[in-house]
Amino acid sequence: LVLVRHRDQGLVTDAKTVPYETVATQHRPLICTLKTAPPKPKIAERCGPARIKWWRLKEKEEAVVSSILVPAVTTVDETWKGPAEAITRVARSKLGVTKPGRRKLDKQTWLWTDHVRDKVREKKKQYHAFVIEKTADNWQRYHIAKKEAKKAVASEKAAHYADLNKKLESRDGERYIYRLAKTRNRQTEDTEKFFGINEENGRLLTHRRQVLKRWREPWIGNCV
């Protein structure tokens, strides 16, 4: 017996029973061809164009601000353009830039500090050294680096949660709880990103350059 929905009857073909073979009383084996679609591979989300890591400004604000050299004032356009280029140049060197096309990882930014990053990189370095040459010394170095990385992560977590508990016990703790609840709820939503806009004739544009060009057209027409 094969049970399928009415809409899926076309998936079952060549159904037949073996007349002289019995599985049990009043039951005969059924042979059929059932077509099933393989599961669709999940497409990994990739990083878009290169962007400056502005979210790291909070921990490196002093180094960034002290490195910015504002040019002399000349014209109005140069007065705005010069500082903007100087700020962008310093931010790229101090904060870093994302790599386009790279697989996006859901890292907790508060945990991924410079100290933790260095310890994790050292652990990976020692692991690759052990894989290349499996000796007792390499294993010992990898084991020590692994313990140091775990210790760094545990230390950052303890400091973060201590600061979080301190905020919750303050006067604004109730508002902070609601903010955390909204963030958690937003992270659980299964949303799909879409980038598109309609042309004048109603045709849907999904290419990023075409979308940006279409988005600029009404503004250019109003400003001219």
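Computed from the coordinates by the stated procedures, all read-outs in this text should not be read as laboratory data. Since the structure is predicted, the reported quantities are computational estimates derived from the model, not experimental observations. No Cβ is skipped: glycine too gets one built from the backbone with ideal geometry, and neighbour counts run over all protein chains shown.
Data for the structure
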item	result
Degrees, to the nearest 10: 114-132 long Cα axis against longest axis of the chain	50
Excluding exposed DSSP-loop GluC sites (Glu not before Pro) (at most 10 other C-beta within 10 Å), longest clean stretch of the chain	22-132
With at most 16 other Cβ atoms within 10 Å, longest stretch of the chain clear of loop chymotrypsin sites (Phe, Trp or Tyr not before Pro) (DSSP)	21-109
Cα→Cβ-extended label distance, 7 Å offset, between Glu199 and Arg89, nm	4.2
Proximal aspartates and glutamates to Lys42, defined as alpha-carbon separation beneath 18 angstrom and excluding residues fewer than eight positions away on the same chain	Asp106, Glu189, Asp190, Glu192
Val116 paired with Ala50, simple spin-label distance in nm, labels 7 Å along Cα-to-beta-carbon	2.6
Within-13-Å neighbourhood charge of Ile177 [Cβ basis; K, R +1; D, E -1]	+3
Inter-probe distance in nm under a simple model that places probes 7 Å from Cα toward Cβ, at Ala181 and Val4	4.8
FRET efficiency, Leu69 to Val97 (Cβ-Cβ, R0 25 Å, nearest 0.05)	0.80
Residue pairs, from the table Lys60/Lys99; Lys99/Lys146; Lys124/Lys150; Lys58/Lys94, whose Cα atoms sit over 18 Å apart	Lys60/Lys99; Lys99/Lys146
